[in-house]
Each structure stands twice: as C-alpha cells, then as structure tokens.
Amino acid sequence: MAKPATFLTLTATVTLLLLLLNISFGSTYISPFELLQLPFGRNQDLAEILWAFRLPKAVTCLLTGAALGTGGLLMQTLFRNPLAGPDVLGLSSGSSLLVALVIMLGQSNIAILQLVAGSPWSLAIAATLGSALVFVLMIVISRFIKDNTSILIIGLMLSAATTSVVGMLLYVSKSEDLQLFMIWSLGNVGGTNWKEILVLACVISIGISIAISQVKSLNARLLGDTYAQSLGIPLAQSRFWLVAATSLMVGSVTAFCGPIAFVGLAVPHLVKLVVPSSNHRIILPLVMLGGACLLLFCDVLTHAFGTTILPLNAVTSIIGAPLVIWMVVKNKKMTL
C-alpha cells in the first residue's frame, strides 16, 4: 500500500488535469494548444470566454467539491453514521424553503417584496438565511439534547417538514415560479461571477479552517464519547464547531450553486476505500481534493452532449448512487 503522501500527490495531479479538462469542455471546445496561446493574447474571444465563464465555473467546482466533501466527512464522524451527508441537519431544506418564498414573493403586488425578490443576490441571501435559521434552531436544540443520534433524527425530521412546506408552496405557485425553482434546485456551478466566488471562497475557507482545528476532536470521537472525554475533549463545544463549520460550507454552496447531491456522501467513502485510514490529518486533505475531483468530473459530463447541458444534480446522483451501492456490496458494510 502506497503512503498517504503519494495518494495526496496523485490526487492533486488528477485535480489539476480535471481542472484543465473542465476549462476545455463547453459549448465551444478549447484545445490545450489554444489554452497555451491565451496568455500571449493571440485570441481575445477565447480569452474572454475563459475569464468570464470557464475559469469561474472551474474554480466554483473546486471550492464547492472541497466544501461538500469536508462537510460530509465531519457529519459522518460526528454522528458515527456512514450515511450522514453534509445536508443531514436540514440545512439545504431550510435554504430551499426561503428560496421558494422569495421566488413566490417576486410575483406579489407589494413593492418592497418585489424589490427584494428582484435583487441579483436575492436567491443567495435567501438560501443563506434559510440555512442559518436551521443552524440556529439545531444549536438551540443541542443545548437540551446531548445525544448525537437524537439530534440526527431531529435534523432529518426537520428536513422532511421543510420539504413538505416547499412542496405545498410549489403546488400553489405559478408555472414560471415553479420552473425557476426547479432550475435552482437542480444545482448549477456555472452561474457565479468573480465577486460571488470571492465571497464563497472566504466563507468556505473559514469552514475548512474550523474543520482543521477540530482534527484532534474528530479522531477522538471515532473511539467513542467516553474516550474523547478522557482526552479532555469538550464534546459540546466540539459539536458546536463541527456543526458550525458544516453549516458555513453547505449554506454558502447552496446559496450560490443550489443544493448539490451525493458529493458529500460519497467522497469520504471513496477516499477511505483508497486510503484505509481513520486519521483525519490524512483523510481531510484527501477528501477536499476528492470532492473537487468528483465535481469537476461531473461538470464535464454535463457538457458531454454538445449544446445540451445536463442538470448537475442528475449527473452527481447517477454517478454517486452506483458508487455507494458498489461500496456496500464490495465491503459488505460501510464503516467509519
């Protein structure tokens, strides 16, 4: 078995290759030879396409994949549940509820609501607020319930409740509102500009920094809460920071890209399948790169049919679901 450092170098190389592949593919194919000529200003049209569309999309894939992979690892370790994902606390559902409300408010006759809903940042702000409200609610609940399994169940029930409310809103909404919400809910990494990417990068960096600071706590939690306490790990404080880090990352990704499925669930298992280690100092950077790789690859596949662009969530689910099934069949069980 190769050393983790070798896998880290290999994964970084694959990430770079997929980044170049992602930049090349689109409605207009840009060959590697043309990419090498762009710094010399020989093709201004391709340079504009690269700077305004391809690079922002590729960088968004890097940030989003790393955030979702990290969030999935944190939640699977916190709840010691291999099926826990970054949206297990209902964060994405809370974002969906606020986004659905904003989309519907845009068609109201109240001027102030039309102004808010008509803002270019309206969906991002609504998704962020929805995620933040769910986060605050879960933190309040965690002050009274110390059992992680109970919190997980409450999060799943909260997600089911908000999804039901969203369904009722969509049922009574107009067809154009329904179409707009469906497009947002299918996920999209190609709609961000550099200002939004800067905000996304700052928030995700904070979340990842918190995750890195909790590596010792994550390793101790794998051996049980009693062992973690014997090492002096403050479990309540640690849980708060793990939930906060995941909320920051998932909330920001959902705000700018919509809810993206399966990446956070599948990537930690794929990484552990290749590098059988439970040390989060090793697993965490690999999960970040693995998430970026998977999302870059899925985004390339969305452009595999020429001018017809497939929904990102459809591709991630088609790839992610068989991978999880294959891992279950191969390993007989999924472990942390």
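In segment 301-316, how many residues are closer than 18 Å to L270 by Cβ and crowded, with 18+ Cβ neighbours inside 10 Å?
Total satisfying the criteria: 2.
Contact map, segment 136-149: first residue without any contact (Cβ under 8 Å) to a residue 12 or more places away in the chain, second residue among the hydrophobic types (A, V, I, L, M, F, W, C) and surrounded by 12 or more Cβ atoms within 10 Å (Cβ to Cβ), Cβ cut-off under 7 Å, separation 6 or more or different chains; pairs are I145/I151.
Name the single residue, out of those in segment 19-60 being exposed (fewer than 12 other Cβ atoms within 10 Å of the Cβ), aromatic (F, W, Y) and more than 19 Å from T302 (Cα to Cα), that is modelled with the lowest pLDDT. Here the answer is F40. Could you go through segment 228-240 and let me know if any residue there is within 16 Å of T77 (Cα to Cα), of a type in the set (G, A, S) and assigned to a loop (DSSP other than H, G, I, E, B). No, segment 228-240 has no match at all. In segment 66-82, is there at least one residue being at pLDDT 85 or above, farther than 24 Å from L218 by Cα, polar (S, T, N, Q) and surrounded by 18 or more Cβ atoms within 10 Å (Cβ to Cβ)? No, that holds for no residue.
Can you tell me which residue is nearest to L91 (Cα to Cα) among those in segment 201-253 that are aliphatic (A, V, I, L, M) and over 24 Å from the mean Cα position of the chain (by Cα)?
So in segment 201-253, the residues aliphatic (A, V, I, L, M) come out as 201, 203-204, 206, 208, 210-212, 215, 218, 220, 222-223, 228, 231, 233, 235-236, 242-245, 248-250, 253.
Going one step further and asking which of them are over 24 Å from the mean Cα position of the chain (by Cα), we end up with 220, 223, 228, 231, 233, 235-236.
Values: A220: 26, L223: 27, A228: 27, L231: 31, I233: 26, L235: 22, A236: 20 Å.
Going through the qualifying residues, I end up with A236.
Every condition in (1) closer than 18 Å to Q179 by Cα; (2) modelled with pLDDT of 55 or more holds for S108 except the one numbered (2). Kindly indicate whether any position in segment 229-242 is closer than 30 Å to A58 by Cα and touching a Ser or Thr at 6+ places or on another chain (Cβ under 8 Å). Yes, segment 229-242 contains at least one residue that is closer than 30 Å to A58 by Cα and touching a Ser or Thr at 6+ places or on another chain (Cβ under 8 Å). Among the residues making up segment 1-14, a single one is in contact (Cβ under 8 Å) with a residue 24 or more places away in the chain and more than 16 Å from I283 (Cβ to Cβ): V14.
For segment 191-200, enumerate the residues that are at pLDDT 85 or above and surrounded by 15 or more Cβ atoms within 10 Å (Cβ to Cβ). Can you show your working first?
Applying the first criterion (at pLDDT 85 or above) to segment 191-200 yields 192-200.
Hits for segment 191-200 are T192, E196, I197, V199, L200.
Quick grid of which residues meet (1) closer than 22 Å to K3 by Cα; (2) crowded, with 21+ Cβ neighbours inside 10 Å; (3) among the hydroxyl-bearing types (S, T, Y):
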residue	(1), (2), (3)
S278	yes, no, yes
G290	yes, yes, no
C293	yes, yes, no
F297	no, no, no
A321	no, no, no
V324	no, no, no
V329	no, no, no
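In segment 62-84, the residues that are farther than 30 Å from W194 by Cα and touching a residue at least 24 places away in the same chain (Cβ under 8 Å) form Cβ pairs under 8 Å with partners that are of a type in the set (S, T, N, Q) and assigned to a loop (DSSP other than H, G, I, E, B), at six or more places apart or across chains, as follows: P82/T335.
Among what's in segment 227-239 and is surrounded by 15 or more Cβ atoms within 10 Å (Cβ to Cβ) and out of contact with any Lys or Arg (no Cβ under 6 Å at 6 or more places or on another chain), pick the residue that is nearest to V134 (Cα to Cα). Lay out the reasoning, then the answer.
Of segment 227-239, the ones surrounded by 15 or more Cβ atoms within 10 Å (Cβ to Cβ) are 228, 233, 235, 238-239.
Now drop any that are not out of contact with any Lys or Arg (no Cβ under 6 Å at 6 or more places or on another chain), which leaves 233, 235, 238-239.
Working: I233: 26, L235: 21, S238: 19, R239: 16 Å.
Among residues in segment 227-239 that are surrounded by 15 or more Cβ atoms within 10 Å (Cβ to Cβ) and out of contact with any Lys or Arg (no Cβ under 6 Å at 6 or more places or on another chain), the one nearest to V134 (Cα to Cα) is R239.
Of the residues making up segment 278-330, those that are part of a helix (DSSP H, G or I) and modelled with pLDDT of 85 or more number 30. Elements of the type helices (runs of 4 or more DSSP H) sitting completely within segment 167-221 and holding at least 1 residues that are without any contact (Cβ under 8 Å) to a residue 12 or more places away in the chain: these cover 175-185, 194-213.
Does L273 fit the bill of being closer than 27 Å to V136 by Cβ, out of contact with any Leu (no Cβ under 6 Å at 6 or more places or on another chain), modelled with pLDDT under 90 and assigned to a helix (DSSP H, G or I)? Let's see the steps before the verdict.
Numbers: closer than 27 Å to V136 by Cβ: no; out of contact with any Leu (no Cβ under 6 Å at 6 or more places or on another chain): yes; modelled with pLDDT under 90: yes; assigned to a helix (DSSP H, G or I): yes.
Taking the combined requirement at face value, the residue does not satisfy it.
Of the residues making up segment 213-226, those that are surrounded by 15 or more Cβ atoms within 10 Å (Cβ to Cβ) and hydrophobic (A, V, I, L, M, F, W, C) number 3.
Look through S209, S164 and report the one residue that is of a type in the set (S, T, N, Q) and farther than 25 Å from S277 by Cβ.
On the way: S209 fails: farther than 25 Å from S277 by Cβ.
It is S164.
The values are calculated or read from the model by the stated rules, or taken from the named source; none is laboratory data. Bear in mind the structure is a predicted one, so any value in this text is a computation, not a measurement. Methodologically, a virtual Cβ is constructed for each residue, glycine included, from the backbone with ideal geometry; neighbour enumeration extends over all protein chains shown.
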